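Colleague: Sending over a structure as structure tokens; questions will come in a sec.
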Amino acid sequence: MLADLLTAVRLLTVVPLGRVEGGRALRFFPLVGWMYGGLWLGIAWVAREAGLADGLGALLAGTIAVVASGMLSGLMHWDGLADCADGVGVRGDAARRLEVMRSSTIGAFGVTAIVFVALLQTVAFAVVLGSDAWWGLAAAPVLGRAGATLAAGLREPARRDGLGARYSARMSVPELLVATVPVLPLLGWRPESHTALAMATALGLLLAFVVPVPFVRRFGGITGDVLGATIILTETAVLVAAAVIGGPL
């Protein structure tokens, strides 16, 4: 179990914990999401104390948060988003799409996806910073990585090699429920936020099922890039939901 946890940390962050390779790291992805949630909450607290909770200051804080999160992951999730966008955009069969995704270059679809999603995250963070919806800063990263667990635990890999094939494993319903236990601490947020948090959590879990669908149809299964794209897109959707739902302080 410890080997699985440390492997999950190594896979989803640049933190080099442990050397033993765990075969069931997938179940700990949501737990690793709390590292990102803690990072975002910390940046938000510093920004609030520094008087950067509104206007251009909030946008600056949002930019720093998105960059810091990307650096913590080694930009791996963003690379997955870009590769998936290129794979969806290119013409051809699944083999051709997978070939494009494995290329070291990024095309117009990938660049566009990164720019649009990064802008969404930055602005949404800025809005949440000036509201009472700080729960979104914790919920978005945790639910995003829960999305990767559900995607890999419910679908077959697109090819026999690569990160998707290496760590994906069919999970039973009880196993999936246990894997999403790290989501439960979110319910300990302020009681007045429970309704909004429940709505955003339901949205995040729904997206965790839905987001991989177009990729699986086009690529023939799950890849490491699809897991990265699922994390970013689910995370963004929950963060945007928090920005829309949350009211002013």
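All of the numbers you see were taken from the coordinates with simple rules; none came from a lab. Note that the coordinates shown come from a computational prediction; the quantities given were computed from them, not determined experimentally. Positions of Cβ are generated from backbone atoms using ideal geometry, with glycine treated the same way; all protein chains shown enter the neighbour counts.
Colleague: Cα convex hull of the chain: mean projected area in nm², to one decimal? Write out the running numbers ahead of the final one.
Modeller: Working: hull surface 51.8 nm².
Directional mean of the projected Cα hull area for the chain stands at 12.9 nm².
Colleague: I need the calculated FRET efficiency for the pair Glu49 and Val14, taking r as the beta carbon distance and R₀ as 30 Å, to the nearest 0.05. Present the calculation step by step, with values, prior to reporting the outcome.
Modeller: Details: r = 27 Å, r/R0 = 0.90.
The computed FRET efficiency comes out at 0.65.
Colleague: Multiply the residue gap between Val90 and Ala68 by 0.36 nm, knock off their C-alpha separation, and tell me the result in nm, one decimal place.
Modeller: Details: separation 22, 0.36 × 22 = 7.92 nm, distance 3.07 nm.
Using 0.36 nm per residue and subtracting the Cα-Cα distance, I get 4.9 nm.
Colleague: So how tilted is helix 76-89 from the main axis of the chain? Cα-based, degrees 0 to 90, rounded to 10.
Modeller: With rounding to tens, the tilt is 60 degrees.
Colleague: Tilt of helix 108-129 relative to the longest C-alpha principal axis of the chain, in degrees (0 to 90, nearest 10)?
Modeller: Roughly 30 degrees between the two axes.
Colleague: Calculate how steeply helix 224-245 sits against the longest principal axis of the alpha-carbon atoms of the chain, using the helix alpha-carbon long axis, and give the answer as 0 to 90 degrees to the nearest 10.
Modeller: Rounded to the nearest ten degrees, it is 20.
Colleague: Here's a follow-up. Measuring from centroid to centroid over Cα atoms, what is the spacing of the stretch 18-32 and the stretch 220-249 in Å?
Modeller: Rounded to whole Å, the Cα centres lie 21 Å apart.
Colleague: Kindly put Thr234, Thr195, Thr180 in sequence by how many other C-beta atoms sit within 10 Å of each C-beta, fewest to most. Let's see the in-between values first.
Modeller: Values: Thr234 30, Thr195 10, Thr180 20.
Lowest count first: Thr195, Thr180, Thr234.
Colleague: Suppose the chain between Val181 and Ile106 were pulled fully straight at 0.36 nm per residue; how much longer would it get relative to their current alpha carbon spacing?
Modeller: 23.4 nm
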